[in-house]
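Colleague: Quick one: structure below, then a few questions.
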Amino acid sequence: MAINPDLLKENFRRVTVENGGATAFGLRFYERLFEKYPAVKPLFNTPPEEQHKKLIASVGVIVSGVTKLDMLVPYLHAMGIRHLKYKTETGHYPAVGENLVAVLGEHLSAEGEFTEDMSANWQEAIGVVANVMIEAAEAPEKYADELAEHGYQPDGFKASNPQPWLMDA
Ligand code: HEM
C-alpha cells in the first residue's frame, strides 16, 4: 500500500488537539513503551516530560516531510546515526514502531476513530522511516558526504543546531 501523506498529516493534527493533545500522547508513548518493553528503559536518560517534546517535534517534521524526501532522507540518516550514541539497536525499531501505532490507536479512538486504513498507513510510514534510519546506522561511513552537504557532522549532530531533531529553516 502506498503511504497517504495527507492522512498522516490529518491524524497528526488530531493528535495535537484530541484527548489531551500532544503532551498526553507523548507521555503515554513512553509510559507504554517502558511497560511493554522494559529492556529499552535504561537507554533513556532524558525524562519523558522532556523527551516526548523531541519525539513529537520529529514526528511533525517527518509527517510534513514525507512529500519533501530530498530534505527528509538526510534528516533520517543523521537521526539514525545519532541513535548509535543512544545505544539503539536495529532490533529495537519494531518495538518503537509497534508502540507508536498502538498509542496512536488509543489516543485517536478516545474522541474520534482510528481505522484499519489509518493503522496500516502509519505502519507503512514507520517501516520506511525505520529502514532509512537503520540503513545509515549500519554503515555510517557511507553517509559522511551526504551528511556534510546538509550541515551534519559524521556523528549526525549539527554544530549549528543543538536541536537537530528540528529541521533548520
Ligand atoms: C522510529 C523512529 C524514531 C524516531 C523518530 C526517534 C526520535 C528521537 C528523537 C527526536 C530524539 C531526540 C535526540 C535526537 O534527535 O538526536 C531521540 C532520542 C532517543 N531515542 Fe529515538 N527515535 C526513534 C527510534 C528509536 C528507537 C528504536 C530507540 C530504541 C529504544 C530509540 C531510543 C532513543 C534514545 C535512548 C534517545 C536518547 C534519549 C536521551 O536523551 O536520554 N529511538 N529519538
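What follows is calculated from the coordinates using simple rules that are stated; it is not laboratory data. These figures come from a predicted structure and were not determined experimentally. Neighbour counts run over all protein chains shown; Cβ positions are idealised from the backbone, glycine included.
Colleague: Pop the C-beta distance of LYS9 and ARG32 into the FRET formula with R0 = 22 Å and round what comes out to the nearest 0.05. Can you show the working numbers first?
Modeller: Numbers: r = 24 Å, r/R0 = 1.07.
It comes out at approximately 0.40.
Colleague: Between ALA120 and THR46, 0.36 nm times their residue separation minus their Cα-Cα distance comes to what? Can you show the working numbers first?
Modeller: Working: separation 74, 0.36 × 74 = 26.64 nm, distance 3.05 nm.
Going from the current span to full extension adds 23.6 nm.
Colleague: Taking H as built 1.01 Å from N, whose amide H comes closer than 5 Å to the amide H of ASN161, not counting residues under 5 places away?
Modeller: Answer set, sorted by chain and number: none.
Colleague: Where the convex hull is taken over the Cα atoms of the chain, what is its projected area averaged over directions, in nm²?
Modeller: On the way: hull surface 38.1 nm².
Taking a quarter of the hull surface, the average projection is 9.5 nm².
Colleague: For a footprinting-style exposure proxy, rank MET79, MET71, MET1 by other Cβ within 10 Å, fewest first. Please report the intermediate quantities before stating the final value.
Modeller: Numbers: MET79 21, MET71 15, MET1 8.
So the ranking, lowest neighbour count to highest, is MET1, MET71, MET79.
Colleague: Any idea what angle helix 48-65 forms with the longest principal axis of the chain, computed on alpha-carbon atoms, 0 to 90 degrees, nearest 10?
Modeller: 80
Colleague: A follow-up question, please. Say R0 is 45 Å: what FRET efficiency, to the nearest 0.05, do GLU141 and LYS54 get from their beta-carbon distance?
Modeller: Details: r = 26 Å, r/R0 = 0.58.
The computed FRET efficiency comes out at 0.95.
Colleague: For the residue pair ALA39 and ASP155, what label-to-label distance in nm results when each label sits 7 Å from Cα along the Cα-to-beta-carbon direction?
Modeller: So the label points at ALA39 and ASP155 sit 2.7 nm apart.
Colleague: Test of understanding: given the chain, find the longest segment containing no chymotrypsin sites (Phe, Trp or Tyr not before Pro) that are in a DSSP loop and have at most 14 other Cβ atoms within 10 Å.
Modeller: Details: sites that count: PHE44, TYR86.
It works out to 87-169.
Colleague: Only four residue types carry charge here, +1 at the Cβ of Lys and Arg and -1 at the Cβ of Asp and Glu. Report the dipole size of the stretch 1-144 about the Cα centre in Debye, rounded to the nearest 20. Could you put the intermediate results ahead of the total?
Modeller: Details: 14 positive and 19 negative charges, 115 e Å.
Roughly 560 debye, rounded to the nearest 20.
Colleague: In whole angstrom, how far apart do the alpha carbon centroids of the stretch 79-121 and the stretch 144-169 sit?
Modeller: Result: 24 Å between the Cα centres.
Colleague: Then there is this: Per DSSP helix of 4 or more residues, -39500 (n - 2.57); summed, then divided by the residues of the chain. What does that give at 222 nm, rounded to the nearest 500? Provide the component values of the computation, followed by the final result.
Modeller: Values: 7 runs with 112 residues, N = 169.
It comes out at -22000 deg cm²/dmol, rounded to the nearest 500.
Colleague: Taking the Cβ of VAL96 as the centre, find all other residues whose Cβ is under 13 Å away and add up their charges (Lys, Arg: +1; Asp, Glu: -1).
Modeller: Details: positive: ARG32, LYS36, LYS41; negative: GLU89, GLU98.
Computed value for this residue: +1.
Colleague: Give the order of ILE81, ILE134, ILE3 when sorted by the count of other beta carbons within 10 angstrom, beginning with the fewest.
Modeller: Details: ILE81 25, ILE134 19, ILE3 16.
With the fewest neighbours first, ILE81, ILE134, ILE3 line up as ILE3, ILE134, ILE81.
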